[in-house]
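**Q** Have a look at the structure that comes next, please.
The values are calculated or read from the model by the stated rules, or taken from the named source; none is laboratory data. Computed from a predicted model, the values in this text were never measured in an experiment. With ideal geometry, Cβ positions are generated from the backbone for all residues, glycine too; neighbour counts draw on all protein chains shown.
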Amino acid sequence: MATAAHTLSPLADLSRAVAEWVGTVRELTQPRAVHWCEGTEAEARQLTTQLLRSGELGALNADQFPGCHLYRSAPNDVARVEHLTYICTRSQEDAGPNNHWMDPQQAHAKMRELFRGCMRERTLYVVPYCMGPSDSPLARCGVEITDSPYVVLNMLVMTRAGRAALERIARGDSFVRGLHSIGELDPERRFIMHFPEELAIESFGSGYGGNALLGKKCHALRIASWQARSEGWLAEHMLIVGLQNPRGETHYLACAFPSACGKTNLAMLIPPGSLPGWRVLTVGDDIAWLHPGEDGRLWAINPEAGYFGVVPGTNPRTNRNAYEMIRRDTLFTNVALTADSQPWWEGLDSGKPVLDWQGRPYDPARGPAAHPNSRFTVSARRNPSWSPHSEDAQGVPIAALVFGGRRREVAPLVYEARDWRHGVLVGASLASETTAAAVGQVGVTRRDPMAMQPFCGYNFGDYWQHWLDVGARLARPPRIYHVNWFRRDAQGRFLWPGYGENLRVLTWMLERCAGRAAAVDSPIGWLPRPQELDLRGLELGSGALEALLTIDRTLWRKEAADLREYLSCYGSRLPPALLAELTATEQRLG
Ligand code: GTP
Ligand code: SPV
Ligand code: MN
């Protein structure tokens, strides 16, 4: 009897548009074989076996970490490369001062020479994928062509990849064409090019995360933000989380924090014991597609199906959910190893690193054992707090939007924007210390509007106008907040314990949304009265709460002046309404 697999038509026959494109790429790149990904578990197992055999993957301790593997990237290929990432629009103005720009013709020509013959002796993988629930009208498809089986394995976890996606494309869905090759992993021959006007991505020379898993930042943020603008929605660098209160009601928040600033942790937060009855449900940990609904509210879907998360800092104390989640069926990249082949990273209380992330005998003199941007790839379904509403075709309704940065000073623990328009200014004013998620200096405060500085596929001036336009269409817009979990004291210690305790700030937001919590007016927005924050069972250092909730007018006047200078770079594309909001803030600051 024929098995189901035999009765299915070959993937290459499903979509003529995809097959033709694959044919063109095949001619250019000259692979030795072409593999169309079905997206089955058997296929993932077979790829894993192949990578284990070739030595590209290592098996981890099967008792402690069943189904887990270690991948070591090239030492010079460990993070996103913002300086090599381009938006290639016909007009440079459309890419804006926030992006590196290259003329599309010139970019295509440059990339064509890099891709020419680059897959000789390699297999070309075709990965059709769907970003968002497969049956959702809000989901979007793409096809990634890559010569990296490691990238394929990641895509199989991070997206809904395989036959169903290709069938959706065959039914007429448009798709993003993502062409990727690891090339020679030479940083001098590495480019991540985006062509939003053509729904195309060309990425060469890196196998790492956001550079190579094209469904993620390249498609779901840079290309999608462009599409979203013309179609009236928003593609944002936001987690989506549901908070169920002790009465059983669930409200959803979408929160934008820059890379490595706490999204995954907040999305799967564990309520502190002293806040009984609360439950946290994760819809997404990195990207949200937000659509105005017919009911006047904003609705969100998570386009992804897995987490590509920061490993260091994960432990049973900071987040037991995250720690348990990555103990099974997880792909680790660039962590250290213990003597008995368990993965090890900074922030773990137990175990001892023997080999560092490059596989060398661990020597503290050479820096951390695990790379600070080491990552786990894991299915969202492994998260104990995974929300079944992640599959809802229309998404979940958003009660509040939260922007947050990593700021040792200036920004208070939390404040609330006066209204949507002011909230757009609050988002645009986001600044944060750089992290290891991107190549470059760490710990430097930079402007990162809406946490989208590395990810917005067009001119920020137009983007803020689009935010204002979306808000104007919402009869019931979410409230907008700003948070900072990372304030420090004079000794450099965090003033706020963070992680699970962050729920105390989120519950205040929900009380505000329900019209129950009071707030104090300040020049930058509404702050909680200290007594309105539920701090039962929490021991804060003396003076910490006051420091966390005080606005230093001198620092804030400087902040506003800095913001004015930054916004002026956007010239005539800067929405006058945003400038008016800034002027009003300056006047309140006196
Ligand atoms: P990307 O995947 O790069 O977008 O990162 P992310 O925003 O999801 O950040 P993630 O939750 O992975 O946290 C990044 C780092 O910050 C980890 O080392 C965490 O342990 C740490 N972190 C997360 N939340 C908090 C917090 O509330 N307080 C403090 N002090 N550290 C935190
Ligand atoms: C980030 O840097 O924001 C990430 C990791 O989420 S990456 O996939 O590399 O973009
Ligand atoms: Mn991210």
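**Q** Need at least 3 residues that are more than 16 Å from ligand 2 (Cβ to nearest atom) per element, so show me which strands (runs of 3 or more DSSP E) inside the range 217-300 make the cut, counting only ones lying wholly within it. Steps first, please.
**A** Values: elements: 234-236, 238-244, 250-256, 279-284, 288-292.
Hits in the range 217-300: 238-244, 250-256, 279-284, 288-292.
**Q** Only one residue in 145, 87 is crowded, with 22+ Cβ neighbours inside 10 Å, within 22 Å of the chain's Cα centre (by Cα) and under 16 Å from residue 209 (Cα atoms). Which one?
**A** Details: 87 fails: under 16 Å from residue 209 (Cα atoms).
The match here is 145.
**Q** Give the range 339-351 a look and list any residue that's in a loop (DSSP other than H, G, I, E, B) and closer than 28 Å to residue 441 by Cα, or say none. Spell out the reasoning first.
**A** In the first step, residues of the range 339-351 are kept if they are in a loop (DSSP other than H, G, I, E, B); the result is 339-342, 345-351.
Within the range 339-351, 345, 346, 347, 348, 349 qualify.
**Q** Could you please find all residues in the range 11-37 being small (Gly, Ala, Ser) and part of a helix (DSSP H, G or I)? Explain how you work it out, then say what you get.
**A** Initially, the range 11-37 is screened for residues small (Gly, Ala, Ser), giving 12, 15, 17, 19, 23, 33.
Within the range 11-37, 12, 17, 19, 23 qualify.
**Q** Here's a check for you: in the range 475-505, which residue that is part of a loop (DSSP other than H, G, I, E, B) and in contact with a Lys or Arg (Cβ under 7 Å, 6 or more places away or on another chain) is farthest from residue 315 (Cα to Cα)? Outline the logic, then answer.
**A** Looking only at the range 475-505, we keep the residues that are part of a loop (DSSP other than H, G, I, E, B), and these are 475-478, 484-487, 489-493, 495-498.
From what's left, in contact with a Lys or Arg (Cβ under 7 Å, 6 or more places away or on another chain): 476, 484, 486-487, 495-496.
Numbers: 476: 39, 484: 21, 486: 18, 487: 22, 495: 20, 496: 18 Å.
The selected residue is 476.
**Q** For the range 108-128, does any single residue satisfy the condition of being at pLDDT 95 or above and under 22 Å from the mean Cα position of the chain (by Cα)?
**A** Residues of the range 108-128 at pLDDT 95 or above: 108-128.
With under 22 Å from the mean Cα position of the chain (by Cα) added as a condition, the list becomes 127-128.
Yes, the range 108-128 has at least one match.
**Q** Taking the range 559-576 only, how many residues are buried (at least 16 other Cβ atoms within 10 Å of the Cβ) and either within 18 Å of residue 96 (Cβ to Cβ) or among the basic types (Lys, Arg) (or both)? Give the derivation first.
**A** First, pick out the residues of the range 559-576 that are buried (at least 16 other Cβ atoms within 10 Å of the Cβ): 559-560, 563, 566-567, 570, 573-575.
Add one more test, that the residue is either within 18 Å of residue 96 (Cβ to Cβ) or among the basic types (Lys, Arg) (or both), and what stays is 563, 566-567, 570, 573-575.
So the answer is 7.
**Q** Look through the range 429-469, keep the residues that are within 19 Å of residue 227 (Cβ to Cβ) and in a loop (DSSP other than H, G, I, E, B), and return whichever of them is farthest from ligand 1 (Cβ to nearest atom).
**A** My answer is 459.
**Q** Enumerate the pairs (first residue in the range 302-323 and farther than 16 Å from residue 241 by Cα and among the β-branched types (Val, Ile, Thr); second residue anywhere and part of a loop (DSSP other than H, G, I, E, B) and within 14 Å of ligand 2 (Cβ to nearest atom)) with beta-carbon separation below 6 Å, excluding pairs fewer than 6 apart on the same chain, so at least 6 apart or on different chains.
**A** Correct list of pairs: 310/260; 311/374.
**Q** From the list 264, 282, pick out the single residue that is closer than 24 Å to residue 480 by Cβ, crowded, with 20+ Cβ neighbours inside 10 Å, without any contact (Cβ under 8 Å) to a residue 60 or more places away in the chain and in contact with a strand residue (DSSP E or B) (Cβ under 9 Å, 6 or more places away or on another chain). Reasoning before the result, please.
**A** Working: 282 fails: without any contact (Cβ under 8 Å) to a residue 60 or more places away in the chain.
Just a single option satisfies the conditions, and that option is 264.
**Q** Can you confirm whether residue 382 is in contact with a helix residue (DSSP H, G or I) (Cβ under 7 Å, 6 or more places away or on another chain) and of a type in the set (D, E, K, R)? Show your work before the answer.
**A** Details: in contact with a helix residue (DSSP H, G or I) (Cβ under 7 Å, 6 or more places away or on another chain): yes; of a type in the set (D, E, K, R): yes.
Yes.
**Q** Give the residue that is nearest to residue 520 (Cα to Cα), with candidates limited to residues of the range 364-416 that are part of a loop (DSSP other than H, G, I, E, B) and under 16 Å from the mean Cα position of the chain (by Cα).
**A** Within the range 364-416, the subset part of a loop (DSSP other than H, G, I, E, B) is 367-374, 383-385, 387, 392-395, 405-413.
From what's left, under 16 Å from the mean Cα position of the chain (by Cα): 373-374, 405-406.
Numbers: 373: 39, 374: 41, 405: 22, 406: 23 Å.
Ranking the candidates gives 405 first.
**Q** If you don't mind, another one. Among the listed residues 292, 312, which satisfies the condition of being buried (at least 17 other Cβ atoms within 10 Å of the Cβ) and within 16 Å of ligand 3 (Cβ to nearest atom)? Outline the logic, then answer.
**A** On the way: 292 fails: within 16 Å of ligand 3 (Cβ to nearest atom).
Being buried (at least 17 other Cβ atoms within 10 Å of the Cβ) and within 16 Å of ligand 3 (Cβ to nearest atom) holds for just one of 292, 312, which is 312.
**Q** Now for a separate question. Residue under question is residue 229, and the condition is that it be among the charged types (D, E, K, R), within 16 Å of ligand 1 (Cβ to nearest atom) and touching a His at 6+ places or on another chain (Cβ under 6 Å); does it hold?
**A** Details: among the charged types (D, E, K, R): yes; within 16 Å of ligand 1 (Cβ to nearest atom): no; touching a His at 6+ places or on another chain (Cβ under 6 Å): yes.
It is false that residue 229 is among the charged types (D, E, K, R), within 16 Å of ligand 1 (Cβ to nearest atom) and touching a His at 6+ places or on another chain (Cβ under 6 Å).
**Q** Every residue in the range 494-522 that is without any contact (Cβ under 8 Å) to a residue 40 or more places away in the chain and of a type outside the set (Phe, Trp, Tyr), please.
**A** First, the residues of the range 494-522 that are without any contact (Cβ under 8 Å) to a residue 40 or more places away in the chain: 494, 511, 514-518, 520-521.
Once the filter is applied, which keeps residues that are without any contact (Cβ under 8 Å) to a residue 40 or more places away in the chain and of a type outside the set (Phe, Trp, Tyr), the range 494-522 yields 511, 514, 515, 516, 517, 518, 520, 521.
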